[in-house]
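The values are calculated or read from the model by the stated rules, or taken from the named source; none is laboratory data. Remember, it's a predicted structure, so these values are computed and weren't measured experimentally. Cβ sites come from the backbone with ideal geometry, for glycine too, and all protein chains shown count toward neighbours.
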Amino acid sequence: MPVTTDLKTLTIANGATTSDTFVGNLMAAYALQMPAAMTGASIGFSVSADGTTFGTLRYVSDESTGATSPVIIVFTASMAVPLPDALTAWKAWRIVSASAEGAARTFTVIGKAP
(Lines give C-alpha, C1' and ligand atoms only; values in the text may rest on other atoms or scores of the structure.)
Protein backbone atom coordinates (compact mmCIF):
# COMPACT_ATOMS: atom_id res chain seq x y z
CA MET A 1 0.00 0.00 0.00
CA PRO A 2 1.54 3.36 -0.97
CA VAL A 3 2.15 6.01 1.67
CA THR A 4 0.82 9.48 0.85
CA THR A 5 1.23 12.93 2.33
CA ASP A 6 -1.81 14.02 4.28
CA LEU A 7 -2.67 17.52 5.55
CA LYS A 8 -4.91 18.46 8.47
CA THR A 9 -5.57 21.86 10.01
CA LEU A 10 -5.79 22.89 13.65
CA THR A 11 -7.12 26.29 14.70
CA ILE A 12 -6.62 28.39 17.80
CA ALA A 13 -9.70 30.62 18.11
CA ASN A 14 -9.51 34.39 18.57
CA GLY A 15 -8.74 35.12 22.26
CA ALA A 16 -7.82 31.49 23.01
CA THR A 17 -4.51 29.72 23.67
CA THR A 18 -5.38 26.12 22.73
CA SER A 19 -6.19 24.61 19.33
CA ASP A 20 -8.79 22.05 18.48
CA THR A 21 -7.65 18.43 18.81
CA PHE A 22 -5.49 16.42 16.43
CA VAL A 23 -6.36 12.72 16.28
CA GLY A 24 -4.25 11.07 13.63
CA ASN A 25 -5.83 7.61 13.50
CA LEU A 26 -3.65 6.15 10.71
CA MET A 27 -1.88 9.45 9.98
CA ALA A 28 1.57 9.94 11.49
CA ALA A 29 2.13 13.68 11.96
CA TYR A 30 5.69 14.83 11.35
CA ALA A 31 5.70 18.59 10.69
CA LEU A 32 3.78 21.75 11.40
CA GLN A 33 3.35 24.84 9.19
CA MET A 34 2.89 27.94 11.34
CA PRO A 35 0.35 30.61 10.39
CA ALA A 36 1.46 33.89 8.79
CA ALA A 37 0.89 35.76 12.07
CA MET A 38 0.86 34.78 15.74
CA THR A 39 0.42 36.69 18.97
CA GLY A 40 2.39 34.16 21.03
CA ALA A 41 6.10 33.73 20.26
CA SER A 42 6.19 30.04 21.12
CA ILE A 43 3.96 26.98 21.28
CA GLY A 44 3.77 23.89 23.42
CA PHE A 45 1.59 20.80 23.31
CA SER A 46 -1.19 19.30 25.37
CA VAL A 47 -1.45 15.50 25.01
CA SER A 48 -4.00 12.80 25.80
CA ALA A 49 -3.97 9.01 25.96
CA ASP A 50 -7.77 8.77 25.78
CA GLY A 51 -8.73 11.88 23.77
CA THR A 52 -10.52 13.36 26.80
CA THR A 53 -8.03 14.15 29.58
CA PHE A 54 -5.12 16.37 28.47
CA GLY A 55 -1.83 17.33 30.12
CA THR A 56 1.28 19.28 29.14
CA LEU A 57 3.85 17.41 27.00
CA ARG A 58 7.09 17.48 29.01
CA TYR A 59 10.61 16.07 28.76
CA VAL A 60 13.17 15.15 31.44
CA SER A 61 15.39 18.24 31.64
CA ASP A 62 17.63 16.99 34.48
CA GLU A 63 18.18 13.25 34.67
CA SER A 64 19.93 13.47 38.05
CA THR A 65 16.84 14.93 39.73
CA GLY A 66 14.11 13.79 37.36
CA ALA A 67 13.04 17.40 36.81
CA THR A 68 10.87 18.00 33.75
CA SER A 69 10.25 20.97 31.47
CA PRO A 70 7.52 21.58 28.89
CA VAL A 71 8.32 20.92 25.24
CA ILE A 72 8.35 24.37 23.59
CA ILE A 73 8.93 25.47 20.00
CA VAL A 74 10.02 29.08 19.42
CA PHE A 75 9.25 30.16 15.86
CA THR A 76 8.72 32.93 13.34
CA ALA A 77 5.63 33.45 11.18
CA SER A 78 5.00 30.92 8.40
CA MET A 79 7.86 28.75 9.62
CA ALA A 80 7.66 24.99 9.08
CA VAL A 81 8.96 22.91 11.99
CA PRO A 82 9.33 19.21 12.70
CA LEU A 83 6.99 17.93 15.38
CA PRO A 84 8.45 16.33 18.53
CA ASP A 85 8.78 12.54 18.18
CA ALA A 86 7.09 12.14 21.58
CA LEU A 87 3.73 13.17 20.05
CA THR A 88 3.49 9.79 18.29
CA ALA A 89 2.92 8.07 21.65
CA TRP A 90 -0.36 9.92 22.25
CA LYS A 91 -3.84 9.30 20.88
CA ALA A 92 -4.58 13.03 20.64
CA TRP A 93 -2.81 16.36 21.03
CA ARG A 94 -3.40 20.10 20.85
CA ILE A 95 -1.22 23.13 20.14
CA VAL A 96 -0.92 25.60 23.02
CA SER A 97 0.18 29.19 22.31
CA ALA A 98 2.24 31.12 24.87
CA SER A 99 -0.31 33.98 24.62
CA ALA A 100 -4.00 34.42 23.88
CA GLU A 101 -4.24 34.89 20.12
CA GLY A 102 -5.43 38.21 18.69
CA ALA A 103 -7.24 36.46 15.82
CA ALA A 104 -8.03 32.90 14.76
CA ARG A 105 -4.76 31.10 13.86
CA THR A 106 -4.72 28.04 11.59
CA PHE A 107 -1.84 25.56 11.58
CA THR A 108 -1.27 22.89 8.95
CA VAL A 109 -0.21 19.49 10.23
CA ILE A 110 1.74 17.54 7.63
CA GLY A 111 1.79 13.77 7.93
CA LYS A 112 1.95 10.45 6.19
CA ALA A 113 -0.90 8.01 5.87
CA PRO A 114 -1.23 4.59 4.25
If you go through region 44-71, how many residues are exposed (fewer than 13 other Cβ atoms within 10 Å of the Cβ) and either touching a His at 6+ places or on another chain (Cβ under 8 Å) or of a type outside the set (S, T, Y) (or both)?
9
Is it the case that some residue within region 69-83 is closer than 27 Å to N25 by Cα and without any contact (Cβ under 8 Å) to a residue 24 or more places away in the chain?
no
Give region 32-62 a look and list any residue that's of a type in the set (S, T, Y) and free of Cβ contacts under 8 Å to residues at least 24 places away in the same chain, or say none.
T52, T53, S61
When you check T39 against the structure, is it farther than 23 Å from L7 by Cα, β-branched (V, I, T) and at pLDDT 95 or above, yes or no?
no
Looking at (1) of a type outside the set (D, E, K, R); (2) in a loop (DSSP other than H, G, I, E, B); (3) within 12 Å of the chain's Cα centre (by Cα), find the lone condition where G40 falls short.
(3)
Given T106, T76, T88, which one is of a type in the set (S, T, Y), closer than 17 Å to T21 by Cα and either exposed (fewer than 13 other Cβ atoms within 10 Å of the Cβ) or touching a Cys at 6+ places or on another chain (Cβ under 9 Å) (or both)?
T88
